[in-house]
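Worksheet: one structure, shown below.
The values are calculated or read from the model by the stated rules, or taken from the named source; none is laboratory data. All values derive from a computational prediction rather than experimental measurement. With ideal geometry, Cβ positions are generated from the backbone for all residues, glycine too; neighbour counts draw on all protein chains shown.
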Amino acid sequence: MIKIYIENLDKSLFKEAHKRLYEIFYFYFDIADIEMEDENEELYQRLFPAFLYRTNKEKCMKAVAELREYLQDKSYTYSLDPLHQQVLWRVLTYVAEVDQDNEIFFPKQKNEQLDNDDDERFCLSDLDDVHFYLEWCFEDLDFQSIPAFLSHYKADPLNFNFHFDIDLDEYIDFMPEKLQKEYFKIKDETEMIKSLMKDLIIVEKKNGTMYSDIRAGINLDYVLIADCSLPIEEGDRIIRVLPNGLEENYIVLDRGYTEKAFGTPAHYRVKVSRSSVLETKQWTVIHNHNHGGDFANFSINSTDNSTNTNVIIKNDLEVFDHLKQSIQSLVIEEAEKSRLLKETDELKNTVGTKNFKSRYEKFISSAANHITVISPFLPILNKFLS
C-alpha cells in the first residue's frame, strides 16, 4: 500500500482505494504481458523522461516493479520517491484518458479537482473520480517542475532554499547527464561559499527597517552575505548577537556586490568598520521628552535640560509595540506566538514595578530561540530594569 495524504481517512475507503489503484496499474500494463518487456516498450517509455529510459532502462524497469510491489503489499504503507510518483501519475492520467468512453474505472470524471478538503468526510463515490488519486496520493508534484526548479537554482543557488522547499538531489534522475554535471559543479561551489557563512546577523537600515536571521560570514574588515536581494547600502548597520546576548556592531562602508563569475554565485562582500555601542546608539535612539513620567532621568549623546527626560525609542513604552510586530513576523506555531505576545503585554504592564525583573527574565527565557529577533530591543528593555 502507498500513503494517501488524507488525515483519518476511513480504513475501508483506504483499502478500497488501494484495490482500485492496483487494478488500474494492472490494466495499464495488461497483466498477462507485464513480464514481456519488449512487447510493452512503448508503455514503459511513456512513463519516464526519454533520456532516462534511453540511458538507464534497468532503473526504470525496477521503479515499475517496486511500485507494483508497494501496491500489492498489504502489510506496510510506503511513501513514494519522485520516480515512483512519476510512474503512478502517468499511469493514472493515461488510464483516465482512455477510460473516458468506457468509464470502467472513473465513471465520475470531472474537469476540476474535488471539492473535499482534509476536514470533510469522503465517501465511496469519491473513488470513482481520477482526481481523488491525483490529489491525495501525492505529497507534492515537484517532480513535474524540475526544469523550472533547476533554472531557479542556477540563477541564484545561494538563496534557492530560502525560496523553495525542495532538495534537488532527490530529483537527479529527472536531469539529463549534462545538466547533472552542471548542477553538481554549481552545488560544490555554492557549498564552499556557504561553509564560510556560519554567522546569523541582523541588517538595520537607517530608517529603522530590520532584516533578521541572515546567514553571513564575518571577517576582520568585511562580511560575506549570500542573499543578494537584501537592499544593503553604505551607512547601514550589521549586528551580530553573541551567545551571551551581547552585540557586535558594524557600519557598512561599501556594499561590495559581486557578480556571478566562473561558477561562483553572486554575493555581497561588504566592507565594514567596527563601531562602538555609543556610535550605534547615536543614530538609533530617538529622544523623547516626557514630562511627569515615572522613570529616572537619563540621556544619551545629549544634554538633559528637563526635569524628567527619558531616552527611549519614539516614546517610553512604544518599544513593546515594535517588539510585538517582530514577534508577529516570526514563522512559528501560533500557540508559541500567542504565548510570546501575551508575555510581552505582561512585561509592559509591569514596567516601573518590582515585578518587572521577574517578568523580564521569564520573557527572555521563553524567547531564547528567537534571540536574533528580540536582541535589537534588549538595550531599551534593560533600561527599565533600573
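So how many residues does the stretch 341-365 have that are within 14 Å of residue 245 (Cα to Cα) and within 24 Å of the chain's Cα centre (by Cα)?
The qualifying residues number 0.
If I filter the stretch 54-67 for residues that are at pLDDT 90 or above, touching a strand residue (DSSP E or B) at 6+ places or on another chain (Cβ under 7 Å) and not in a loop (DSSP other than H, G, I, E, B), do I get at least one hit?
Scanning the stretch 54-67, I find no residue that is at pLDDT 90 or above, touching a strand residue (DSSP E or B) at 6+ places or on another chain (Cβ under 7 Å) and not in a loop (DSSP other than H, G, I, E, B), so the answer is no.
Take the residues of the stretch 336-372 that are in contact with a helix residue (DSSP H, G or I) (Cβ under 8 Å, 6 or more places away or on another chain) and in a loop (DSSP other than H, G, I, E, B): which is farthest from residue 323 (Cα to Cα)?
My answer is 352.
Of all residues being within 25 Å of residue 153 (Cα to Cα) and of a type in the set (Ser, Thr, Tyr) in the stretch 196-238, which is modelled with the highest pLDDT? Just the residue, please.
Checking each candidate, the answer is 211.
Pairs needed: first member in the stretch 1-23, outside any helix (DSSP H, G or I); second member anywhere, acidic (Asp, Glu); C-beta distance under 7 Å; at least 6 residues apart or different chains.
Pairs that qualify, where the first residue is outside any helix (DSSP H, G or I) and the partner is acidic (Asp, Glu), are 1/73; 5/139; 6/118; 7/118.
Identify, please: which residue in the stretch 203-229 is β-branched (Val, Ile, Thr) and out of contact with any Phe, Trp or Tyr (no Cβ under 7 Å at 6 or more places or on another chain) and is, among those, nearest to residue 371 (Cα to Cα)? Even if it seems obvious, please write down each step before you answer.
Of all residues in the stretch 203-229, those β-branched (Val, Ile, Thr) come to 203, 209, 214, 218, 223, 225.
Still in the running and out of contact with any Phe, Trp or Tyr (no Cβ under 7 Å at 6 or more places or on another chain): 209, 214, 218.
Details: 209: 17, 214: 13, 218: 18 Å.
It comes out as 214.
Going by what's in this entry, would residue 50 be described as of a type outside the set (Asp, Glu), at pLDDT 90 or above and either closer than 18 Å to residue 83 by Cα or exposed (fewer than 15 other Cβ atoms within 10 Å of the Cβ) (or both)? Spell out the reasoning first.
Working: of a type outside the set (Asp, Glu): yes; at pLDDT 90 or above: yes; either closer than 18 Å to residue 83 by Cα or exposed (fewer than 15 other Cβ atoms within 10 Å of the Cβ) (or both): yes.
Here the answer is yes, as residue 50 does meet what is asked.
Can you tell me which condition residue 197 does not meet? The list is (1) part of a helix (DSSP H, G or I); (2) under 29 Å from residue 327 (Cα atoms); (3) not β-branched (Val, Ile, Thr), and all the others hold.
(1)
Being of a type in the set (Asp, Glu) and surrounded by 14 or more Cβ atoms within 10 Å (Cβ to Cβ): is that true of residue 188 here?
Working: of a type in the set (Asp, Glu): yes; surrounded by 14 or more Cβ atoms within 10 Å (Cβ to Cβ): no.
No: the conditions fail for residue 188.
Applying the selection to the stretch 144-178, what residues are surrounded by fewer than 13 Cβ atoms within 10 Å (Cβ to Cβ), modelled with pLDDT under 90 and either closer than 22 Å to residue 47 by Cα or among the aliphatic types (A, V, I, L, M) (or both)?
Listed by number, the list holds a single entry, 155.
Return the residue satisfying two criteria in turn: it lies in the stretch 230-267 and is within 19 Å of residue 186 (Cβ to Cβ) and touching a Phe, Trp or Tyr at 6+ places or on another chain (Cβ under 9 Å), and of such residues it is surrounded by the fewest Cβ atoms within 10 Å (Cβ to Cβ). Working first, answer last.
Filtering the stretch 230-267 for residues within 19 Å of residue 186 (Cβ to Cβ) gives 258-267.
Still in the running and touching a Phe, Trp or Tyr at 6+ places or on another chain (Cβ under 9 Å): 258, 266-267.
Numbers: 258: 14, 266: 16, 267: 24.
Once the filter is applied, the top-ranked residue is 258.
Anything in the stretch 172-204 that is without any contact (Cβ under 8 Å) to a residue 60 or more places away in the chain and of a type in the set (Asp, Glu)? List them, or say none.
182, 188, 191, 199
Sort through 98, 130 and tell me the only one that's touching a Lys or Arg at 6+ places or on another chain (Cβ under 9 Å) and at pLDDT below 90. Before you say what the answer is, go through the steps one by one.
On the way: 98 fails: touching a Lys or Arg at 6+ places or on another chain (Cβ under 9 Å).
One residue alone meets the criteria, 130.
Residue check, residue 118 against (1) under 30 Å from residue 104 (Cα atoms); (2) at pLDDT 85 or above; (3) acidic (Asp, Glu), all met but one. Which one?
Failed condition: (2).
Any residue that is touching a strand residue (DSSP E or B) at 6+ places or on another chain (Cβ under 9 Å) and of a type in the set (A, V, I, L, M) - is there at least one of those in the stretch 162-181?
no
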